[in-house]
Every structure is written in C-alpha cells, then in structure tokens.
Amino acid sequence: MTVITNHMPTAELQALDAAHHMHPFTANGELSQKGARIITRADGVHLTDSEGNRILDAMAGLWCVNIGYGRDELAEVAARQMRELPYYNTFFQTTHVPAIALAAKIAELAPGDLNNVFFAGSGSEANDTNIRMVRHYWALKGKPTKSVIISRKNAYHGSSVGSGSLGGMSGMHAQGGLPIPDIHHINQPHWWAEGGDMPEEEFGLQRARELEEAILELGEDRVAAFIAEPVQGAGGVIVPPDSYWPEIQRICDKYEILLIADEVICGFGRTGNWFGSETLNIRPDIMTIAKGLSSGYAPIGGSIVSDEVASVIAGDEFNHGYTYSGHPVAAAVALENLRIMEEENILGHVRDVAAPYLKEKWEALADHPLVGEARIAGMMGSIALTPNKETRAGFAAEAGTVGYICRERCFANNLVMRHVGDRMIISPPLVITPAEIDVLIERASKSLDECYAELKAQDLLHSA
Ligand SMILES: *Cc1c(COP(=O)(O)O)cnc(C)c1O
C-alpha cells in the first residue's frame, strides 16, 4: 500500500489527488490541470501548505473553525472518547453521555423555549430533518395539507436533495432534478444588487412582504414553514436591511407558520451572540446548527426545536434518523468546543475587541476604487466589486470573472478570501486578534490593488 505523507513532493500528491479524488463544488477536469493546493497543518488563524507557505485563513475553513486551529484540548477529548465509547447509536431507546450532555448544553444556550435537539451529521442533514419534521408536525396536528416550505432565492441550506431544494442556488437546481415538490422561493433582501433607486429600509419591507404575498397566493392551509439564514452566508454575506426581519416575524406570527432560522453559519458566536436570531431579534421555532458547533473539529449538526414542536412530534414515532445522529466522539468534541468558548469568553472577545475593530477596517475598504459597498455583521463580511460605484453596475465580463481574479491575488498574497460571483467574503476565526486583522486588511488591500491593475491591463473595467 502506498503511504501518503506530508513529505511527498507536492506534484506527486497533486497527481494522486487528480487521479482519484473528486472535489466538491469544483470543475475537476480544470483542477487536475492546475493542481490543488495542499494544506498540511494549521494553527490559530493560519494554514500551512505543502510548499511551506503560511496563509491567513479569513474563511475559518468553511465558516466553521470558530475557536481557531490547533486546540489540543479537542484532540484529547476525542481520543479519550474513542477509547471509552467510540460509537453507539441513539435509536431503539438507548442513549449515551456525550449526546445527553451536549443536548442539555445546547438547550441551555439556545434562547426561549428552544430546548430540544435532534442531532445530525451536518447542516444538510439537519435541514433534511427539518423538512420532514415540520411537515410531520402539521400532519400530527390534523393539517396534512400544510406541506409547502417557503425559502429564498440565493439562500444556501446545504447540498443534499432536500436541503439543496430548500436552498435557492440556481446553479444547484440546474443539476440532478432539484427542487423537490412543495418548496417555494421568494426574492432575497439584497438591497445593493437588487434595490435600484429604492431606499434600503423600504426595500427591506417590500422583500419581507413577498412572504405574505406567497402565503396568500399558495393559501394559508398549504404553508408549513419559512426558512432563512439570519444573515445570508454562501449567497455572498448579504446583511438584510433593518426593516426586513421584524416584518418577516410579524408575518410568520400572523399566519402561524413555523419559522426555521438556519444558524449553521450565524450560530455559535459569528454575529457576536450565541445565535444570529438573538442579534436580529428573531423568535424561531427551529434552528439549524452545524459548523461552529464543533468549530469544524468533528462533523456534527442538528436541529434545535421548540417545546411546542417537540411535544407534538413526541406524540408519534418519527421515522427518521442518521447512523451518526449524536455520534459520541463528535458530541464530546462539540461539548469541549463550547466549554472553551465559554471559559475563554470568546463571545466577549468578538463583541468588545474583534468585531468592532474588524468593522472599522473592513468598512474602510469601501474607499477602494473597485469596491462598491463593504458590509459586515459581527465576524462575517463582504465587499462588492464593481466597475462603477455610482450605478452599482456589474462587470461586462461573465459574473465571477473578476471575483476569481481577486481571489487568486489573495491566495498569492497568503490570504484566503472567497468570492461569490464578484463579491468577496470573509468569515475569520472568532479568536483573530487586532494585529492579525491588520495583516488581513493589508493583504486584502494589496490584493484589491493588484486585481484593479490586472483588470485595467486586461481591459475588464467595463459595466454590464
Ligand atoms: C454550510 C451550510 C449548510 C450545510 O451544512 P453542511 O454541513 O455543509 O451540510 C446549511 N446551511 C447553511 C446556512 C450553511 O452555511
């Protein structure tokens, strides 16, 4: 058997990767020509690649490594749990200590009467649970016609058949027969890109009222739930107008439809509170969690469910679950992650130190000639690249062309910043220090300058 180590030459590893490894959300043919970047180690907010480059990870992996890389405590807990009880399930009237302890801890942290946790292995799985749970809830209440779930265009709720259907990514719907029936999408509250001449707050109200219009159109007796991310993440870190969520909450209350807050990114400190729902004043019936729950150290997700919904579901056998629901090693790791977050007051660091400092520096990027707007909510931020700040125009080149050029400049400058179309986004580890934020901003500015120069040289600074 070939032993694959960090010490093989990069080109050999890349060749093996290209020969056998199918990457998610990747044009694999193109990647195999270029060769994937190989990450070998990480500590704090930094990655190290197979060439020895030290890269500042302003995405915290995929929005998940909230406490930063290299925390030995989590490795210790995982090893101890593997020795004691590496696996047992929670089907068939059994349970185990890590699942009990984690569910109780999550119930303590979650607001209101969100006191019940259904575990999954990921955010996608948790949203699949939610689809079945809300429909089953209404069926048990004698209203089986309430099966439609309303979501939003450009939302991201995962990549399984169910969660990908909830999501509103047109590129995903174009492949593999999505969406499943009875999912309805309304427009997103993306003022900068879609608001035109309308004042931002008025636009927020208008987009929220699309929910009411959809309920009336579909019929109140058909609608089970509305799902949304408090702040859209993968869609481009889209911070909604202040007017948006209060109106959404009013509509959900008025028509008695369940509100599912997808907290997979916003949860566990990203917006400065334990949950984005607290930051945005939302009262959800169900919250989807994953990512920051374990800071990405182990795959785990789940649904936090209100007492009302859980008590109805408890009235029948819910024919649903995953082999790894509440996996003991993942649960133990998540619990240790939450212990560290509390003991080190990481929320306090976000609120008092990191988020205010990052906000000031990030918003100043809007002065760059290429940047149309800079938005930030806690520790998730975005900038819109535009050839014309006044008109908020898109580029004439295919969407994403410019964003990709900018991302490549960032990589070359040892900064991971992602692009969504021509929007650049960050979501750094919550533990990032002001000195590290200075480096992040310095590298981002340099990359923007280089991108601007490249667009000029390639004659790409034209409006669509
Ligand atoms: C990442 C994400 C998911 C999917 O989580 P996976 O663990 O990748 O399945 C769901 N919702 C939101 C908001 C996400 O950002």
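The values are calculated or read from the model by the stated rules, or taken from the named source; none is laboratory data. Bear in mind the structure is a predicted one, so any value in this text is a computation, not a measurement. Virtual Cβ from ideal backbone geometry, glycine too; neighbours counted across all protein chains shown. Just the protein is used for accessible areas: all its heavy atoms, side chains included, with ligands, DNA and RNA removed. Shrake-Rupley method; radii C 1.70, N 1.55, O 1.52, S 1.80 Å.
Taken together, the residues in the stretch 193-223 that are in contact with a strand residue (DSSP E or B) (Cβ under 6 Å, 6 or more places away or on another chain) and open to solvent by 30 Å² or more (accessible area, probe 1.4 Å) amount to 3. Determine whether the stretch 166-174 contains at least one residue that is within 16 Å of residue 263 (Cβ to Cβ) and either crowded, with 20+ Cβ neighbours inside 10 Å or not assigned by TED's automatic domain parsing to the domain that holds residue 314 (or both). Among the residues of the stretch 166-174, at least one is within 16 Å of residue 263 (Cβ to Cβ) and either crowded, with 20+ Cβ neighbours inside 10 Å or not assigned by TED's automatic domain parsing to the domain that holds residue 314 (or both), which makes the answer yes. One residue alone among 30, 76 is closer than 27 Å to residue 158 by Cβ and either in a helix (DSSP H, G or I) or out of contact with any Gly (no Cβ under 7 Å at 6 or more places or on another chain) (or both), and that residue is 30. All conditions but one from (1) surrounded by fewer than 14 Cβ atoms within 10 Å (Cβ to Cβ); (2) hydrophobic (A, V, I, L, M, F, W, C); (3) touching a helix residue (DSSP H, G or I) at 6+ places or on another chain (Cβ under 6 Å) apply to residue 364; the one that does not is (3). With respect to (1) in contact with a Leu (Cβ under 9 Å, 6 or more places away or on another chain); (2) within 15 Å of the ligand (Cβ to nearest atom), the lone exception for residue 315 is condition (2). Answer yes or no as to whether residue 312 is open to solvent by less than 60 Å² (accessible area, probe 1.4 Å), over 24 Å from residue 455 (Cα atoms) and under 24 Å from the mean Cα position of the chain (by Cα). No: the conditions fail for residue 312. Restricted to the stretch 372-429, the set of strands (runs of 3 or more DSSP E) holding at least 3 residues that are modelled with pLDDT of 95 or more and closer than 18 Å to residue 191 by Cα comprises 380-385, 423-426. Suppose the filter is more than 16 Å from the ligand (Cβ to nearest atom) and at pLDDT 95 or above; does residue 107 pass it? Against the criterion (more than 16 Å from the ligand (Cβ to nearest atom) and at pLDDT 95 or above), residue 107 qualifies. Go through the stretch 315-352 residue by residue and tally those that are open to solvent by 20 Å² or more (accessible area, probe 1.4 Å) and more than 30 Å from residue 141 (Cα to Cα). Count: 11.
Within the stretch 402-440, the only residue that satisfies the criterion of being among the basic types (Lys, Arg) and crowded, with 23+ Cβ neighbours inside 10 Å is 423. In the set 377, 396, only one residue is over 19 Å from residue 292 (Cα atoms), out of contact with any Phe, Trp or Tyr (no Cβ under 8 Å at 6 or more places or on another chain) and of a type in the set (A, V, I, L, M); that residue is 396. Kindly indicate whether any position in the stretch 92-101 is within 21 Å of residue 309 (Cβ to Cβ) and either in a loop (DSSP other than H, G, I, E, B) or open to solvent by less than 40 Å² (accessible area, probe 1.4 Å) (or both). Scanning the stretch 92-101 turns up at least one residue that is within 21 Å of residue 309 (Cβ to Cβ) and either in a loop (DSSP other than H, G, I, E, B) or open to solvent by less than 40 Å² (accessible area, probe 1.4 Å) (or both).
Being of a type in the set (Gly, Ala, Ser) and in a strand (DSSP E or B) holds for only one residue in 159, 163, 151, 124, and it is 151.
Rundown of residues vs (1) open to solvent by 50 Å² or more (accessible area, probe 1.4 Å); (2) over 19 Å from residue 430 (Cβ atoms); (3) not hydrophobic (A, V, I, L, M, F, W, C), yes/no style:
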{"position": "8", "(1), (2), (3)": "no, yes, no"}
{"position": "22", "(1), (2), (3)": "yes, yes, no"}
{"position": "34", "(1), (2), (3)": "yes, yes, yes"}
{"position": "48", "(1), (2), (3)": "no, yes, yes"}
{"position": "59", "(1), (2), (3)": "no, no, no"}
{"position": "67", "(1), (2), (3)": "no, no, no"}
{"position": "75", "(1), (2), (3)": "yes, yes, no"}
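Of the residues contained in the stretch 138-152, one or more are found to be within 13 Å of the ligand (Cβ to nearest atom) and among the polar types (S, T, N, Q). Can you find, within the stretch 221-241, the residue that is nearest to the ligand (Cβ to nearest atom) among those that are more than 16 Å from residue 188 (Cβ to Cβ) and touching a helix residue (DSSP H, G or I) at 6+ places or on another chain (Cβ under 8 Å)? Filtering the stretch 221-241 for residues that are more than 16 Å from residue 188 (Cβ to Cβ) and touching a helix residue (DSSP H, G or I) at 6+ places or on another chain (Cβ under 8 Å), the one nearest to the ligand (Cβ to nearest atom) comes out as 225.
Given the criteria without any contact (Cβ under 8 Å) to a residue 24 or more places away in the chain and of a type in the set (Gly, Ala, Ser), does residue 394 qualify? It is false that residue 394 is without any contact (Cβ under 8 Å) to a residue 24 or more places away in the chain and of a type in the set (Gly, Ala, Ser). Does residue 97 qualify as being within 16 Å of the ligand (Cβ to nearest atom) and either at pLDDT below 95 or over 17 Å from residue 228 (Cα atoms) (or both)? The answer is no for residue 97.
Of all residue pairs spaced 6 or more apart or on separate chains, those with beta-carbon atoms under 8 Å, a first member in the stretch 123-144 that is in the same structural domain as residue 255 (by TED's automatic domain parsing) and open to solvent by less than 40 Å² (accessible area, probe 1.4 Å) and a second member that is away from the ligand (no atom under 16 Å from the Cβ) and part of a helix (DSSP H, G or I) are 133/309; 133/313; 134/309; 137/309; 137/312; 137/313. Among the residues of the stretch 242-263, the ones that are out of contact with any His (no Cβ under 8 Å at 6 or more places or on another chain), within 24 Å of residue 293 (Cβ to Cβ) and either within 16 Å of the ligand (Cβ to nearest atom) or among the hydroxyl-bearing types (Ser, Thr, Tyr) (or both) come to 5 in all. Set side by side, the residues 227, 215 differ, and just one is in a helix (DSSP H, G or I) and of a type in the set (A, V, I, L, M), which is 215.
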